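*Asks:* Dumping the structure here so I can ask a few things about it.
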Amino acid sequence: MITCFIRYEIDPFKKEEFATYSRNWGEAIPRCGADLIGYFGPHEGSATTAYGVYNIESLAAYEAYRARLAADPLGRENYAFSRRERFILKEDRIFLKNVSMPIGGK
């Protein structure tokens, strides 16, 4: 299992648009095969930093998931919404593995 962390730089005057985008992913991501942990928007501190976090089995599973997400009607609309409204200024994605979990349930 790997975890995808997406760091967004968003327009601070379009936080509501980012919240709508996040809620849409809350429906589409699980339907397309990833285990969504959540989307996190600015609250205190930075007004421009947000995150999306989900688990996926492997990088191969990620590639298949991305294809399903691109074909999903809500996924397509959400991508179009973000391009049209331009609230995402920058997006960085990193895959990490949880190394703190005990092996074999110990």
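The values are calculated or read from the model by the stated rules, or taken from the named source; none is laboratory data. Predicted model, so just to flag it, every value in this text is computed and none were measured. Cβ placement follows ideal geometry from the backbone for every residue including glycine, while neighbour counts extend to all protein chains displayed. We work out accessible area using only protein heavy atoms, side chains counted, and drop any ligands, DNA or RNA first. Shrake-Rupley method; radii C 1.70, N 1.55, O 1.52, S 1.80 Å.
*Asks:* What accessible area per residue comes out for segment 49-106, rounded to a whole number of Å², with a 1.4 Å probe?
*Replies:* 69
*Asks:* In nm², what is the average projected area of the convex hull enclosing the Cα atoms of the chain?
*Replies:* For the Cα atoms of the chain, the hull's average projected area reads 7.5 nm².
*Asks:* Starting with the highest mean, order 36-49, 8-21 by the number of other Cβ atoms within 10 Å, averaged over the residues of each peptide.
*Replies:* Ranking, from highest mean packing down: 8-21, 36-49.
*Asks:* Now a separate question. Compute the relative contact order of the chain as a whole-number percentage, counting only Cα pairs closer than 8 Å that sit 6 or more residues apart in sequence.
*Replies:* 45
*Asks:* May I ask you to give the percent of accessible area on the chain that is carbon plus sulfur, with a probe radius of 1.4 Å?
*Replies:* 56
*Asks:* Then there is this: Between segment 30-44 and segment 51-106, what is the C-alpha centre distance in whole Å?
*Replies:* Going from one Cα centre to the other spans 9 Å.
*Asks:* Could you work out how far helix 73-85 tilts from the main Cα principal axis of the chain, as a 0 to 90 degree angle to the nearest 10?
*Replies:* For 73-85 against the chain, the angle is about 50 degrees.
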